[in-house]
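I have placed the structure first, in the form of structure tokens, so that the comments after it can refer back to it.
The values are calculated or read from the model by the stated rules, or taken from the named source; none is laboratory data. This structure is a prediction, so every number in the text was calculated from the model and none was measured. Because the Cβ atoms are built from the backbone with ideal geometry, glycine has one as well, and the counts that use them run over all protein chains shown. The area values use the complete protein model at the heavy-atom level, side chains included, leaving out ligands, DNA and RNA. Shrake-Rupley method; radii C 1.70, N 1.55, O 1.52, S 1.80 Å.
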Amino acid sequence: MSKREKVVLAYSGGLDTSIIIPWLKENYNYEVIAMAADVGQGEELEPLREKAINSGASKIYIEDLKEEFITDYIFPTLKAGAVYEGKYLLGTSFARPIIAKRLVEIALKEGATAVAHGCTGKGNDQVRFELTVKALAPHLKVIAPWRIWDIKSREDAIDYAQARNIPVPVTKKDNYSMDRNIWHLSHEGSDLEDPWNEPQYDKILKLMVPPEKAPDKPTYVEIDFEKGIPVRVNGVKYNPVELMEVLNRLGGENGIGIVDMVENRLVGMKSRGVYETPGGTILYAAHRELEMLCLDRDTLHYKDLVAQRFAELVYYGQWFTPLREALSAFVDVTQQTVTGTVRMKLYKGNCMPAGVKSDYSLYSQELSTFGKDEVYNQKDAEGFINLFGLPIKVRSMMLANVEARNRKE
């Protein structure tokens with residue numbers, strides 16, 4: 001009897017991956033190995049071990065990837081200032097490459113011939129997973145059940161699970177699609193599919209309170225950065241995981257970081273999502289304030305162009321590409337002087353700067369003061385304006401000459 005081939009499944013214990021285990025066995029006769037990645041979901045993953053085995057997996061790996069996730073994916077994206085379509089802080093996007101990377105590593109260790117995921121054929125995640133596999137182990141087969149099976153909806157998936165006595169964490173009445181990690185929590189589906197519907201924040205928010213229920217007194221937080229990386233909160237040095245947990249708590253208590261947006265998916269359609277990113281919102285705002293103080297104008301403005309492209313690469317699943325690596329190298333050079341302290345004021349959903357300082361500050365009070373100074377000759381501005389405005393002046397003179405000739409004719 002020939003030995004069965006192995007497939008490694010990216011397993012979360014949610015609705016989709018719960019039913020994929022029996023589906024893979026029924027349709028491919030694979031030995032299914034599950035891999036659950038802890039990227040800071042905020043829940044105990046150990047119960048997944050029994051659940052995966054009871055669902056038909058031969059074994060399960062439960063991998064703690066939180067610190068690697070923050071240092072190797074979140075912080076590089078933060079330093080780049082990357083925001084997709086001006087609103088989305090890429091919480092799901094940059095979690096997929098690290099999960100897929102570990103999936104590939106386990107597949108190679110186990111001698112598997114395939115990997116599988118529970119992403120739908122309508123979403124971005126399928127691209128993010130599969131581009132990572134192509135970059136790291138192109139010989140592996142990828143199985144995406146949502147693009148193959150007869151299940152057409154989350155309701156069908158629930159029926160499939162119930163027929164096989166597989167417990168799932170959703171019902172037909174409450175079936176938001178959620179993705180959580182240490183950076184954010186996303187909500188899609190159900191009543192959110194109509195962009196006209198206001199989100200039921202009292203019902204869906206998990207990481208924070210609605211802004212109107214936040215304290216009436218502001219909270220101040222100081223964040224120390226070293227070369228663009230946050231290292232301390234209120235003077236206390238934390239490891240990356242602890243730092244995110246502290247900022248998530250402070251942001252959540254003050255209703256910071258709710259984003260409601262209709263975004264352009266890579267596959268061509270628009271989708272509506274609500275995102276909770278409490279600590280991340282604080283970090284992005286604080287990091288930007290420090291860059292405004294420490295980066296020269298040309299570098300800051302060009303970095304803004306890089307940030308948009310960087311965000312697209314992350315959103316599109318192109319983390320393991322030469323361009324993303326090259327842009328990260330550029331970003332790292334810009335961050336050499338982004339060291340200092342930023343004070344932020346948190347109040348009822350608002351995250352406002354309340355002070356910034358750095359030994360690398362390019363701000364000169366002597367130069368910018370409205371009072372008397374001895375370092376700036378205001379007469380110099382006349383020559384600068386004459387040269388800077390010369391093209392405008394020349395064009396205006398040309399138009400006046402053309403108009404004069406036309407009047408004579």
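A few notes on this one:
- Within straight-line cross-link reach of Lys227, aspartates and glutamates at Cα separation under 13 Å, skipping those fewer than 8 residues along the same chain: Glu291, Asp332, Asp359
- Pairs over the 30 Å Cα-Cα cut-off, from the set Lys217/Lys303; Lys51/Lys141; Lys372/Lys393; Lys206/Lys237; Lys79/Lys393: Lys217/Lys303; Lys372/Lys393; Lys79/Lys393.
- Rounded accessible area of Thr337 (nearest 10 Å², 1.4 Å probe): 50
- Set of aspartates and glutamates near Lys6 by C-alpha distance (under 17 Å), chain-local residues within fewer than 8 positions excluded: Glu26, Glu31, Glu105, Glu110
- Those GluC sites (Glu not before Pro) in the range 306-397 that DSSP places in a loop and that have at most 15 other beta carbons within 10 Å: Glu374
- The alpha carbons of the chain occupy a box of 92, 63, 44 Å along the principal axes, longest dimension given first.
- Using the Cβ-Cβ distance between Thr113 and Trp196 with R0 = 41 Å, the FRET efficiency computed as 1/(1 + (r/R0)^6) comes to roughly 0.30.
- Computed per residue of the chain from DSSP H runs no shorter than four, each worth -39500 (n - 2.57), the mean residue ellipticity at 222 nm is -12500 deg cm²/dmol.
- Bridgeable lysines around Lys270 (alpha carbons under 22 Å apart, same-chain partners fewer than 8 residues away excluded): Lys87, Lys122, Lys152.
- Under a 5 Å amide H cut-off, with hydrogens placed 1.01 Å from N, Asn239 pairs with nothing among residues at least 5 apart or on other chains.
- Normalised per residue, the volume of the convex hull around the Cα set of the range 98-217 (Å³): 163
- C-alpha center-to-center spacing [the range 185-211, the range 64-97] in angstrom: 22
- Translational diffusion coefficient (Stokes-Einstein; Kirkwood radius from C-alpha pairs) of the range 319-382 at 10 °C, 1.306 mPa s, in µm²/s: 99
- In order along the range 402-409, the phi-based Karplus estimate (6.51 cos²θ - 1.76 cosθ + 1.60, θ = phi - 60°) of 3J(HN,Hα) comes to 4, 5, 5, 5, 5, 5, 5, 6 Hz; Gly and Pro are listed as x.
- Amide H contacts of Ala354 (H built 1.01 Å from N, in plane; Pro and chain starts excluded): Arg343, Met344, Lys345 sit under 5 Å, all sequence-distant by 5 or more or on other chains.
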